[in-house]
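The values are calculated or read from the model by the stated rules, or taken from the named source; none is laboratory data. Keep in mind the model is a prediction, meaning the values are calculated, not measured. In this analysis, Cβ positions are derived from the backbone assuming ideal geometry, glycine residues included, and neighbour counts consider all displayed protein chains. Just the protein is used for accessible areas: all its heavy atoms, side chains included, with ligands, DNA and RNA removed. Shrake-Rupley method; radii C 1.70, N 1.55, O 1.52, S 1.80 Å.
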Amino acid sequence: MTTITRHHRSETSEAAAGGLVMFAAVMLFIAGILDLFRGIMAIANDDVYLSTPNYVFKFDLTSWGWIQLVLGVIAMAVGAGLFSRAMWARVAGVGIAGLLVIANFLSVPYYPVWSLTLIALYGFVIWALCVVPRES
């Protein structure tokens with residue numbers, strides 16, 4: 001005979017897990033919008049960006065803007081998918097948030113305070129999507 005063990009979660013833990021996914025969805029969507037605007041600013045060669053002549057990871061501002069724009073649009077789409085609590089959206093959310101952490105790390109010399117702020121925000125998104133149990 002085989003025994004099947006079923007894990008029963010309380011309603012409060014289910015609500016907390018759902019709340020974390022919704023937190024990640026809202027934060028990823030908002031940060032995606034901000035990255036979209038940041039990409040538009042870079043494409044327009046706005047004076048908001050600092051110029052750092054001796055940075056190891058030097059990019060052209062227009063190409064950097066397109067990278068930010070595309071990643072922002074993808075983050076918005078994945079954030080919208082997270083509202084349905086789909087597993088694909090959770091996996092994609094961790095992936096895109098990880099890519100955006102790397103992108104924001106590379107842009108620290110150009111826009112330092114905002115890059116560090118977004119790195120922290122994407123870290124919270126990754127944490128929120130990874131801590132929720134699979135079944136919720």
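Quick notes on this one:
- In region 66-87, of all residues being under 18 Å from G19 (Cα atoms) and outside any loop (DSSP other than H, G, I, E, B), the one that is modelled with the lowest pLDDT corresponds to M87.
- If you check A97, A75 for being of a type outside the set (F, W, Y) and free of Cβ contacts under 8 Å to residues at least 60 places away in the same chain, only one passes: A75.
- Of all residue pairs spaced 6 or more apart or on separate chains, those with beta-carbon atoms under 6 Å, a first member in region 25-44 that is open to solvent by 10 Å² or more (accessible area, probe 1.4 Å) and a second member that is among the β-branched types (V, I, T) are M27/V125; M41/V48; I43/T62.
- Of all residues in region 113-136 being β-branched (V, I, T) and within 27 Å of T62 (Cβ to Cβ), the one that is modelled with the lowest pLDDT: V113
- Selection status of A92, exposed (fewer than 14 other Cβ atoms within 10 Å of the Cβ) and modelled with pLDDT of 85 or more: no
- Some residue of region 103-112 being among the polar types (S, T, N, Q), more than 13 Å from A31 (Cα to Cα), open to solvent by less than 10 Å² (accessible area, probe 1.4 Å) and at pLDDT below 90: yes
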